[in-house]
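Here the structure comes first, spelled out in structure tokens, and everything after it is commentary.
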Amino acid sequence: MKFKTNWIVSSLLLLGLCRTALPASAGVTLVQDGKAVAVIVVPDAKEPNAAYAARAASVLADHLAQMSGAHLQIRKASELGMATVKDGTVTPEAGKVGADITSYVFVGNSQLARQAGYSSDGLGVGGIVVKSGPNSLGLLGSTAAGDPQTDMYAVVDCLESLGCRYLWPGESGKVIPHRTTVTVAS
């Protein structure tokens, strides 16, 4: 039985390594050639769990910077002005983000995230949404009472899909792949 267990664990680890080694063929690009092409959008303070979403967004931005050297801005949804969503494509009000920004990462539940098609409505305690659209990515957690950290769970799930690993607590246990282009597969 020990042989089978070791073989299964080894196979799963190898599959995990292969998954991170394959380039993403489609998805939402966050960093292109070392430059941020996405902005992280968090809910305004009046939205449920806004402070927790802001902390999760900070963790995402920090890890992406360690991965690629690019620093993604974190903006409140209201800072995108009168943003519109048509057929799932997010377009901010003119002049609200830089011309090089082509993608939006929604961390936490906001009205704009809902307009873009991301909602955690109906999820139970601990539930998460990790979903991409034409030019956006939604990383949301349940707003059900009981666990306000669910936005962080969605962020960690996304980071793990990009190859980040947490072998043990602390910086020495963190494994972050280095790449100049970061794309989250659809």
### Query
Among the residues of segment 159-175, how many are hydroxyl-bearing (Ser, Thr, Tyr) and under 17 Å from the mean Cα position of the chain (by Cα)?
2
### Query
Among the residues of segment 151-186, how many are touching a Phe, Trp or Tyr at 6+ places or on another chain (Cβ under 9 Å), more than 27 Å from Ser110 (Cα to Cα) and of a type in the set (A, V, I, L, M, F, W, C)?
1
#### Entry: Checklist (1) outside any strand (DSSP E or B); (2) in contact with a Ser or Thr (Cβ under 8 Å, 6 or more places away or on another chain); (3) of a type outside the set (S, T, N, Q) applied to Val184, failing item
(1)
### Task
Could you tell me which residue of segment 22-40 is surrounded by the fewest Cβ atoms within 10 Å (Cβ to Cβ), considering only residues that are at pLDDT 95 or above and assigned to a loop (DSSP other than H, G, I, E, B)?
Asp33
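One residue is enough: does segment 131-140 have a residue meeting the conditions within 17 Å of Val184 (Cβ to Cβ), free of Cβ contacts under 8 Å to residues at least 24 places away in the same chain and out of contact with any helix residue (DSSP H, G or I) (no Cβ under 8 Å at 6 or more places or on another chain)?
The answer is yes; a qualifying residue exists.
The values are calculated or read from the model by the stated rules, or taken from the named source; none is laboratory data. Treat the numbers as computed from the prediction; the structure is a model and nothing was measured. FYI the Cβ positions are ideal-geometry reconstructions off the backbone, even for glycines, and counts take in every protein chain you see.
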